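Presented below is the structure to which this report refers.
The values are calculated or read from the model by the stated rules, or taken from the named source; none is laboratory data. Predicted model, so just to flag it, every value in this text is computed and none were measured. Glycine also receives a Cβ, built like all others from the backbone with ideal geometry; neighbour counts cover every protein chain displayed. All accessible areas refer to the heavy atoms of the entire protein, side chains included, with ligands and DNA or RNA removed. Shrake-Rupley method; radii C 1.70, N 1.55, O 1.52, S 1.80 Å.
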Amino acid sequence: MLKFYYSGAPNPTKVALFLEEAGLQYDAIPVDTRKGEQHKPDFLAINPNAKLPAIVDGDATVFDSSAILMYLAEKTGKFLPAKSDKARGELLSWMFFVSSGVGPYFGQSVHFRNYAPEKIAYAINRYTFEGHRHAGILDARLGKHKYMLGDTYTIVDMNVWGWARLLPNVVGEGAWDKYKNLKRLTDEVSARPAAQRASALKDRHKFKTEMDAEALAAMFPHMQQKVA
Ligand SMILES: N[C@@H](CCC(=O)N[C@@H](CS)C(=O)NCC(=O)O)C(=O)O
């Protein structure tokens, strides 16, 4: 059976959404990042980047949420746009936009707002600005189309949903008044039974909740190393 290495964080939850939407059988294996389990040799053999999600499907090992979504969509033929060069171009563009833009900028904004030991005004402003900029691009797209690729619900919407749910943590309260099209998509996806099962998956296992010294050292190792 497909092994799904996960935590309750945004990137694993998008993959949980696909697995649930597609009705695939999977074995959900918790990796508790606040206990440092992502750095254990057994997990590093699956994802040398020490992050969730990752899957092992037969002899295929895939890490990085966008890569996993593409892999599973192509393997099952589900949640992809119609076959054409135009649609493939849009699929790749928006998948990479989420993985190279939305994920990293949203993640850094959450980090500097909530976890950085000092409140660095420059960093908070830069990443909040980029959070708004990326949310605005998604919102404009969704002002023209029901879903990110047009009329059909695809892996791009799943990829967006994973992070969009956290928008107020990224840019602050009032986010949803500003990005109404993105809110419409996020709410619609969140209401799907598969999304509810994906969000509830983390409750099947007992993940550590305290952000204590062990958790900070595991998730933000730079805090203990001066490299610049
Ligand atoms: N580009 C990766 C990012 C993965 C990532 O940052 N995962 C986070 C959870 S959302 C994680 O595992 N954090 C634990 C850590 O950094 O130690 C993806 O899209 O899968």
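Please identify, among G89, G150, G172, the residue showing maximal mean-square fluctuation in a Gaussian network model of the chain using a 10 angstrom Cα cutoff. In the Gaussian network model the winner is G89. Considering the chain at the alpha-carbon level, its Rg and Dmax are found to be 17.6, 51 Å. Out of the GluC sites (Glu not before Pro) in region 154-228, which ones are loop residues according to DSSP with at most 10 other C-beta atoms within 10 Å? Those that pass, being in a loop and sparsely packed, are E173, E210.
A simple spin-label model places the labels of W176 and H205 2.9 nm from each other, with each point 7 Å out along Cα-to-Cβ.
Calculated [222 nm] ellipticity per residue, helices only, for the chain: -15500 deg cm²/dmol; basis is -39500 (n - 2.57) per DSSP H run with n ≥ 4, divided by all residues, nearest 500. Eigen-decomposition of the gyration tensor built on the alpha-carbon atoms of region 9-55 gives equivalent ellipsoid semi-axes of 21, 11, 9 angstrom, largest listed first.
Between S66, S190, S84, the residue with the greatest mean-square fluctuation in the GNM of the chain (Cα pairs under 10 Å linked by springs) is S84. The alpha carbon gyration tensor of region 119-228 gives principal lengths a ≥ b ≥ c with a/c of 1.5 or higher and a/b no greater than b/c, which makes the shape oblate. Surface analysis of the chain yields an accessible area of 51 Å² per residue, using protein heavy atoms and a 1.4 Å probe.
Using a probe of 1.4 angstrom, how much of the accessible area of region 156-217 is carbon and sulfur, in percent?
Working: 1650 of 3110 Å².
Ligands and nucleic acids excluded, carbon and sulfur reach 53 percent.
Just checking the listed ones, L24, L138, L69: in the Gaussian network model of the chain with Cα springs under 10 Å, the one fluctuating most is L24. Element breakdown for region 1-110 at a 1.4 angstrom probe: carbon and sulfur atoms account for 54% of the accessible area.
Straight-line cross-link reach from K146 at under 18 Å between alpha-carbon atoms covers these aspartates and glutamates, not counting any fewer than eight positions away in the same chain: E90, D157, D187, E188. Global dimensions of region 1-83 from alpha-carbon coordinates: Rg and Dmax equal 12.5, 43 Å.
Rounded to the nearest 10 square angstrom, R165 shows an accessible area of 70 square angstrom against a 1.4 Å probe.
Taking amide H atoms as placed 1.01 Å from N in the peptide plane, the amide H of I29 lies under 5 Å from those of F4, Y5, Y6, each 5 or more residues away in sequence or on another chain.
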